[in-house]
Each structure stands twice: as C-alpha cells, then as structure tokens.
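> My questions will all concern the structure given below.
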Amino acid sequence: MKPTDVSDPQYYHKVVDCQWGCPAHTNVPQYIRLIAQGKYTEAYMLNRDSNVFPGILGRTCDRPCEPACRRTRLDGEPVAICRLKRVASDLRGDIEDLLPRIPTQKNGRRVACVGSGPASLTVANDLLPLGYEVTIFEKQDRPGGLMWSNIPQFRLPPAVLKEEIDYILDMGVDLRLNTPVSSMQALLDGEMGDWDAIFVGSGAPRGKNLEIEGRYDSERIHIGIDWLESVAFGHIDRIEDRVLVIGVGNTAMDCCRTAMRIGGTDVKVMARKSREHFKASPWELEDAEEEKVEVLENHSPTRFVIEDGELVGMDFELVDWHEGEDGRLRKEVKGNRIIPCDTVILAIGQETAFPWIERDIGIEFNEWDEPLVDKATFQCTREGVFFGGDAAWGPENIIWAVEHGHQAAISIHQYCQDLPIGDRPPYGMNLVSRKMGLHEWSYSNDYDEAQRQKMRHVQLEQRLQELTVEVEEGFDLQQTLNEVERCLNCDVQTHFTTNLCIECDACVDICPLNCLTIAPNGDEEELRGRLSAPAVNLAQDLYVSENLPQTARVMVKDEDLCIHCGLCAERCPTAAWDMRQYDLEIPYAGLEAGARHPDRVGVLAGSDR
Amino acid sequence: MSWIAKPRIAHPGLPKNALGLTRRDYEGGMSTLCAGCGHDSITAAIIEAFYGLNLPPHRIVKLSGIGCSGKTPTYFLSQAHGFNGVHGRMPAIATGAVGANRELTYVGISGDGDSLSIGLGQLAHAIRRNVDLLYVIENNGVYGLTKGQFSASADVGSKAKKGAENLQPPIDPVLLGLSLGATFVARSFSGDKEQLVPLLQAGVRHRGFALIDVVSPCVTFNDHEGSTKSYIYTREHLTEVTDADFVERMPEIRASYQPGEAIDVRLHDGGMLRLRKVAEGFDPTDRDRAYAYISEGLRDGEVLTGLLHVDESALEMHSVSGTVETPLVDLPFEDLCPGSDALDALQQGFR
Ligand SMILES: Cc1ncc(C[n+]2csc(CCOP(=O)(O)OP(=O)(O)O)c2C)c(N)n1
Ligand code: SF4
Ligand SMILES: [Mg+2]
C-alpha cells in the first residue's frame, strides 16, 4: 500500500467516527471533553459553530453519529452523544456575548429565504455577520417551520425552540410572518423586494395520501403532518378514543404519542412490514411502546370501513413477506382483519411540493416534479436561486438541513462576490500534541468500562396528562460524569513519525486491541490478512507508514478498534508515536477553515486545547 | 512506567486456542521496564508461545533471578506459579522445583549478568544436570537494573553510553552451553518474534535443559552508537543459520522440501521441529561442528541465530536420577515421610 497521507484533513477526520458521521461534522469528542471539565458554555458554543441548534438537536436529532460511534463496536452501545449535547445546552451560561457581532455597516447584498425552518435560519446565521441583509418569508404566524409544527412539545419544549431561533432573529433578520410566497416569478421580479440571491428552504410539506376505498367518506381521516401542525397551533386539542396510525416512521411515532395525550385511549400503530423494516428511530419506537401504544406488524391496509357515513374501522390484509430472487420483498396474503377505530392518521411519508414555482422561469424539475439541485453548490438550474433542507431532495432531518444551510450560505457568498460557486473552500486541520509528561497525557486516556447511561423519563401518568410535559428529564450530574468517560477520544490521534522508529515492537506488544503490526508492505487485501488481529471492519482504514529505517518494513495500524488509550505512545522510547489532538477546521461563508468572526468576543469554545 | 494499566477490553475477533483462551489470558501485570526495552518484546513472545502451545497458565512455573530481566515474569502468565530468587541463583531453585514436580512446565528468565557473571556456576550445573526447563537469557550486554555497567557478555571494543570501551573478552552463552553438553541451544533476537516464538515453543517441548540466548537491547543504557547489542547493530550483524518451525504433534507435515533444504527433529513428545533454510556447512545435530561454525562466526562479528544445537537422545535429570514419577505433592504422606523405622533401616544400610 502507499504510505498514508495524514496531512489530508480527511484522513484523521474519518477516524473520528461520530464527526465523520455527522452531516455538519460537529466536533463531538471535544465538546464531550468540555462537558467533562464543566465547561458547558464552551461545549455549547463549539456545537453551535457547526450545528447551530444544540438545544433543539440535543433532543430531536436523528443522531447519525451514534450508530457510527466506535464504542458500539467495543461494548455494543454508542456514547449517548445526543443526550450530552442536551446537557451542554441545559447547563450553559449566557451566550449572547459569544455570538458573532453584526456589522452596522451592511454590505449592500440582500438575500430572501422562503420558509423559516432550520435551513433558512442557518443561511441567515452565516450571512448576517458578514453584513448581508436577510429577509425570511414564513407562511405561518411563528418561525421554525417543521421544528414548530411537527415536533410535539413533549419532545421539544417551545422555550428551547424559541430561544435558539431568537439568537438568529436577533442578529437582524427581517422576518415576514403570515407571508406565504405564492409566486417565485413575483419574488424574482422584485415584487416583494430586490434580492441578490434567493434561498428556498420551504421543506417537504405534503403528507402522502392513501388512495383506497372510503378515503374521502369520513372527516376523521387525517394526514399526519397536517394533523400534528393543527395540534401544534392549537386548532385541534382532542381526538377520539380509538386511533389507528398508519405507517411506522418517526412522524407516526409523534402522531401516536400525541394522540395518547389528547384523548386517545386505544392507539395502534399499523405497520405493513415486520419490525426489522421499521423506519422509526429505535428510541422513538421504544418511547411510544412505553406509553402503551400498540404496534401491529404485517398489516397492509385495504379500505376504510364506513357504516352509515361513519368511520367504524379499517380493513387490513394479514401478510407475510418473503424475499424474492431479485432481493425485493414480496407479500403473501394470509387473510384479512377489520380493526375497529374512530379515527385514522396517515403517516406514510411526505414529499416536496412547489405549486408556487412557475415552470417556465429556468428552474427545471425532474420526472417526479422535484427541482434539479446541485449536490455541492445547492444551486438549482437558475443562477442565484438555491435550495436546501427538505426542499432540496425531500425529507431528511434537522441536522442535514443545517448542513445544507451552511453550504448554501457559502455558495451565496461566493455568488455575491462573482466568484465561481463550484470552488468550495478547503477544509483544514490542527494537530497538537497532548503530551504532558513522560507517560502522561492531557486527556482522559484510560478506558472506562461504564455502560451507556439510561435516560430518565417523567412518570407515565404525569406525562400523558399534558401535551407540554417534556418526557426526557436529561442526564443528572452523575450520569453525565459516567457518560463522558465512555467517549474514546477518537480525536486524539495516534500520530506516527517514521524516521524515529527503532522497531522495538513495544507499541505492537502493548496495544490492548491489537491494532498495530510491523510487517513487510503488501497490497491492502493481502496486508489485512497479516495483521496482529483479524480486520473485522473493512470500512475502516489502514494507516500505513513510510518504510521503516532499520528493516524497510512498514508500521500498519488498523484504525477500526483503537481506543486512543495512548499506550503505544507511552511505550514508545523515541516518541515516534505521539498522541495529537486533531481539530477539523471547517470553512463557513466568509470564514476560511479555522477562522472566526473577527469581532466575536469572550471565551472561544475549544480554545483551551 | 505507564500511568494506566493495559485496559482489559480486547479485540472481539481475537482467535482462541484449544483451551478457549486468547493471548490476553496469558498476559501478566503492567510492565515497569523502560519503554522500548527488548525484554518486553521477549515477554510478548513468551505470551504468544504459551498461548500457541495450548498450555493452561496455572500449570506453568516461572522463575527468575535479579535484574530488569528478573522482573519480567511478573509481566506474563499472571495465573502461573512464580519464584523470584536471589541474583544468579534461579537455576538451583528451578532444579529443586523441577525435581519436586515433573508435571508442571518450567520457564526460567535470566539476564546476562544474572547468568554469566554472578550466576555462572549455577547455570553450568543446571546445564550439566539437564534440568527439564526452558532457560531464557535476556542478553543486553549490561547490568540494566544497576544502570548499565558492562556484563560478562559485553563484546571487546563495545562502548558504554559515556564512551568507555570494554576490554575483557565476553563469555558467549551459546559456546558455553555447547561445551557443557547442553541438549538444546539457540540464539535469537527480541526484535524477531517470527523466529523467537517457535524457538521458545520447541524449547518448552524439549525434554531437558533448553538454553535460548536472546539478544535484547537495553534502550536506556546500551542502544547507542558503538554498542554491539543495540537494535541497529544486531539487525545489521544478524545471520539466521536455521529457520525453525515448531510443529505441534502433527503426524504429517504439510510443506515439502528438497532433501538438504530442511532437517526434521522429532521431539520426545511427538512434536516436530522442522529446520528450514539451514546455512550451508552447518549441522545443528553435530555438536562439534556447530561449535566450530559458531565460534568462527563470532570471530567475524556475526550474530548467528536460530536453533544451533539439539540432541533429543540425551537423558534429563529425572531419568538420570531415577526419581519418582508422581509429583511429591501428590504422594501420600506415608510414602513421602515413611517414618523413623524406615530411616533407621536406611541408615543401617550405610553401616
Ligand atoms: C547478590 C547481588 N549482587 C549484586 C546485586 C546488584 N544487581 C542487581 S541487578 C544486577 C545486574 C543485572 O544484570 P542482568 O542480569 O544482565 O540483568 P538486566 O538488568 O540487564 O536485565 C546486579 C549486579 C544484587 N541485586 N544481588
Ligand atoms: S534499564 Fe535497560 S534493561 Fe532495564 S528496563 Fe530499561 S531498557 Fe530494559
Ligand atoms: Mg543484562
């Protein structure tokens, strides 16, 4: 194999599984370390740099970081990264002084954002400190988009949501509530103001329908996201006793749990397939079942049963699934079953809808009526018009919307300076030794055997009484202290300097996870067969050094299971191995990798590294 | 010295041996030797060797004298029996232990000072008695523990850390072993586990005294320029005269060799030692020719490694002395201590 180029910021980035898995590349290990030191404000700000809404995301994030977490590969359970984010948010001090200062002298550029969800808010967050004037059009009477209308308050308290949205609005957003944009043409033509760039962050607002017999014969059949929105805005505050929720994604979970709180006594979630195919996050499914929602699998709906104009039940095929030769699942119908109910909520997915965008203004759509949006620049086929969040490629989640917002803001900034938007600013990195003494490191390097801490929940009776009681209580101090020690410090990299190595084998011998091998070089597949321990996870890289000075063999490290304990570096007589903290420097609009807004005052998050 | 102990968490894919144990089950406590000490690599090789031999750790006895080398048994096989004896006196203790219980497996760890300076007389007699013991000399040319004075294995002209030159001729443990009639003599290097592990395994299986001299650089006091026991010097002067594969009790051996390319040595317990790539003009089963070959190599400054002599036909201590098969600990008290009448009868016989 070729020697690994660790000067490429992406090599060490990939070692930090959580950061690599996070769409916004949040520096997870460092914020966990800051929490461990009681520096909650700094931990919050470090989060905010990349994910903008730590308090909201600390409760609602889809957490792609957690399945990626290396700890899972060692003791089966990831570090509770998301819950720790919430700890930072709950315990932070006042951060207003740490937010970027907004220049009074504007740069003369005006940007319009359609929709006030996380994507648009991120665009505003990134552009306002650069002197842009940002206007957000929102059709509702409150900002926040889906974060308001579709995430129930028992998961996300309104105060948390409002506070983090206000940080951005207070930077000087020109927010136009109750102002739907009904024509892109009009927006482009200056009928609503003059814009240098337009960002569409209007989400995927159309819930999928189920066109089967009886669909339009009752008032008591709802589209999930519309129904949640009505509840959020107070238009609906009751539901009948017996509720069927069709679908088993996260929206279905929010629907069934909401129903349990506003009158539902017998709430069933109806799934077409079996459990292993459920789309809901496992923890949300778990919470719903804890609240006595019944989940029925392998029920495929065929018709609504209407008697005398009243919805009385729903008819399902009872099915089994078999994998066909093409790998696709085929159903076998075993019979049918009518399940009585008073109300049905359809939560079978959602999609984008752009009835307000004219089709003859240079914005092209594909065969599924989705706009063509460039994956890197977020620009559509009309110059100066950008898409992000669910509006770009359909439903994702908040953290993706934030990352889209960052990228779109970079494009808009380039565009407004007449720079090519395809030239993406490069990432950087910073690498600093954590050596304190001969065998001492300035990070918590010992492996802690603690198991993942369980979230405490409000008592069942209490939480079902009211829609606004937040279910999760957050970690207490002891849980926090236990959980932070589970983090494996994957950002503290094992950094190797080839010409210092005397090939004494000390590192190879001491490594508790048998990550290291000194051997003659070979091609990857063959080399993987000669490692100190079998390579179980081929998705993880092998580090390969230059030829070693004494024997011309190479040092090979399988990154997969390294626990970053630093023992290789402790046992190294020549400091060929060193433990160096890696910091991925991420570029944002108007800020090169590693740069910060010049007038930002106070303590800088992560500055104590 | 490390600040933290080696975490217990292990690679989930670690292979298991016939006893269902992984290598980690053969480890000991955390080493307190200098980082990079050759002795630690030998420890790792010993762990690998015993793991590979499928021996239950609690049926092993580890013994040592004094020195950095003398400390190392703490760092492997924490479930084994251990005895840390007086400087240079481990061979006598081992002789007693082996005499008392022949069902255990014995490994003695010594240093060049421990074996060739203060303990030379002890070593000589353990060889002569052919005690059934794997005897490893962790040879770094200095007294590591007492801060790097030349030992009896230091080469003429080798320089100490501060520049002083050694003028006294060395005692070479391999030539010493050959001249005293050792039945298993090998040399290896701490930095070459591929060679060392099978040699250790063969040494354990050899019935009798198995002497392995392992060049084991002292990074702190003897790894500088001018040293003849440094990592780099050893690598530059090392010549492998035989390449041993230890084949555990295998009726058939897979690889086939041209005659002359390999020599097979059948061990007493049915195990097989296959020596590949034997240097031309060298025959490890011929003691006299091996002696001549090695002393010539030494004169030329070569570090000849591999299995240098083996003789499976010689009698070990128990056979010579006709000792009882049963370990003393398992003998009924009446047999072990037959009483004063039996003693009287015995003494009568000497009258
Ligand atoms: C009877 C006795 N004499 C002297 C000493 C001091 N002493 C301790 S270790 C040592 C030399 C050890 O050298 P070596 O056997 O080569 O071991 P190394 O430390 O090099 O591994 C000496 C002389 C002692 N402990 N006991
Ligand atoms: S002094 Fe030398 S022999 Fe002793 S532990 Fe240190 S390096 Fe090893
Ligand atoms: Mg010594």
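> Applying the selection to the range B:327-343, what residues are more than 21 Å from B:A92 (Cα to Cα) and either in a helix (DSSP H, G or I) or β-branched (V, I, T) (or both)?
Once the filter is applied, which keeps residues that are more than 21 Å from B:A92 (Cα to Cα) and either in a helix (DSSP H, G or I) or β-branched (V, I, T) (or both), the range B:327-343 yields B:D330, B:F333, B:E334, B:D335, B:L336, B:S340, B:D341, B:A342, B:L343.
> Among the residues in the range B:117-125, are any in contact (Cβ under 8 Å) with a residue 40 or more places away in the chain, within 13 Å of ligand 2 (Cβ to nearest atom) and closer than 30 Å to B:D300 by Cβ?
No: the range B:117-125 contains no residue that is in contact (Cβ under 8 Å) with a residue 40 or more places away in the chain, within 13 Å of ligand 2 (Cβ to nearest atom) and closer than 30 Å to B:D300 by Cβ.
> Then there's this: Just for the range B:126-149: of the residues that are within 12 Å of ligand 2 (Cβ to nearest atom) and farther than 16 Å from B:V174 by Cα, which one is surrounded by the fewest Cβ atoms within 10 Å (Cβ to Cβ)?
Here the answer is B:K147.
> Going through the range A:210-240 one residue at a time, which ones are in contact with a strand residue (DSSP E or B) (Cβ under 9 Å, 6 or more places away or on another chain), surrounded by 13 or more Cβ atoms within 10 Å (Cβ to Cβ) and in a loop (DSSP other than H, G, I, E, B)?
A:L210, A:G214, A:R215, A:D217, A:S218, A:R220, A:I236, A:I239, A:E240
> Taking the range A:440-464, which residues are surrounded by 17 or more Cβ atoms within 10 Å (Cβ to Cβ), more than 14 Å from chain B (Cβ to nearest Cβ) and more than 27 Å from the chain's Cα centre (by Cα)?
Hit for the range A:440-464 is A:L464, nothing else.
Let's see how each residue does on (1) exposed (fewer than 12 other Cβ atoms within 10 Å of the Cβ); (2) under 24 Å from A:S230 (Cβ atoms):
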position	(1), (2)
A:A280	no, yes
A:I306	no, yes
A:D326	yes, no
A:N336	no, no
A:A347	no, yes
A:I361	no, no
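> Right, something else. Quick check on the range A:176-189. Is at least one of its residues farther than 23 Å from A:D390 by Cα and either among the charged types (D, E, K, R) or touching a residue at least 12 places away in the same chain (Cβ under 8 Å) (or both)?
yes
> Kindly indicate which of A:V173, A:V200 is surrounded by 16 or more Cβ atoms within 10 Å (Cβ to Cβ), outside the structural domain of A:I236 (by TED's automatic domain parsing), over 20 Å from A:G362 (Cβ atoms) and of a type in the set (V, I, T).
A:V173
> Looking at B:D114, B:D172, can you tell me which residue is within 11 Å of ligand 1 (Cβ to nearest atom) and more than 14 Å from every other protein chain (Cβ to nearest Cβ)? Don't jump to the end; show me each part of the working.
Working: B:D172 fails: within 11 Å of ligand 1 (Cβ to nearest atom).
Of B:D114, B:D172, the one residue that is within 11 Å of ligand 1 (Cβ to nearest atom) and more than 14 Å from every other protein chain (Cβ to nearest Cβ) is B:D114.
> Going through the range B:14-56 one residue at a time, which ones are in contact (Cβ under 8 Å) with a residue 40 or more places away in the chain, closer than 20 Å to A:L531 by Cβ, part of a helix (DSSP H, G or I) and within 13 Å of chain A (Cβ to nearest Cβ)?
The answer is B:Y26, B:S41, B:A44, B:A45, B:E48.
> Taking into account only those residues within the range A:496-521 that are more than 14 Å from every other protein chain (Cβ to nearest Cβ) and surrounded by fewer than 20 Cβ atoms within 10 Å (Cβ to Cβ), which is farthest from A:R92 (Cα to Cα)?
Across the range A:496-521, the extreme among qualifying residues is A:N521.
> OK, next. Looking at A:A391, is it hydrophobic (A, V, I, L, M, F, W, C) and in a loop (DSSP other than H, G, I, E, B)?
Here the answer is no, as A:A391 does not meet what is asked.
> Quick one: what pairs do we get from the range A:124-139, first residue touching a residue at least 60 places away in the same chain (Cβ under 8 Å) and over 10 Å from A:G172 (Cα atoms), second hydroxyl-bearing (S, T, Y) and not in a loop (DSSP other than H, G, I, E, B), C-beta under 7 Å, 6+ apart or different chains?
A:D126/A:Y588
> Given the criterion more than 14 Å from chain A (Cβ to nearest Cβ), at pLDDT 95 or above and farther than 27 Å from B:A314 by Cβ, identify the matching residue among B:G121, B:G85, B:G70, B:G108.
Answer to the check: B:G70.
> So, one more: Can you find a residue in the range B:86-106 that is farther than 24 Å from B:P327 by Cα and within 14 Å of ligand 3 (Cβ to nearest atom)?
Scanning the range B:86-106 turns up at least one residue that is farther than 24 Å from B:P327 by Cα and within 14 Å of ligand 3 (Cβ to nearest atom).
> Consider A:P512 carefully, then state whether it is at pLDDT 95 or above and under 36 Å from the mean Cα position of the chain (by Cα).
yes
The values are calculated or read from the model by the stated rules, or taken from the named source; none is laboratory data. Computed from a predicted structure; not experimentally measured. Quick reminder, even Gly has a Cβ in these numbers, built from the backbone with ideal geometry, and neighbours come from all protein chains shown.
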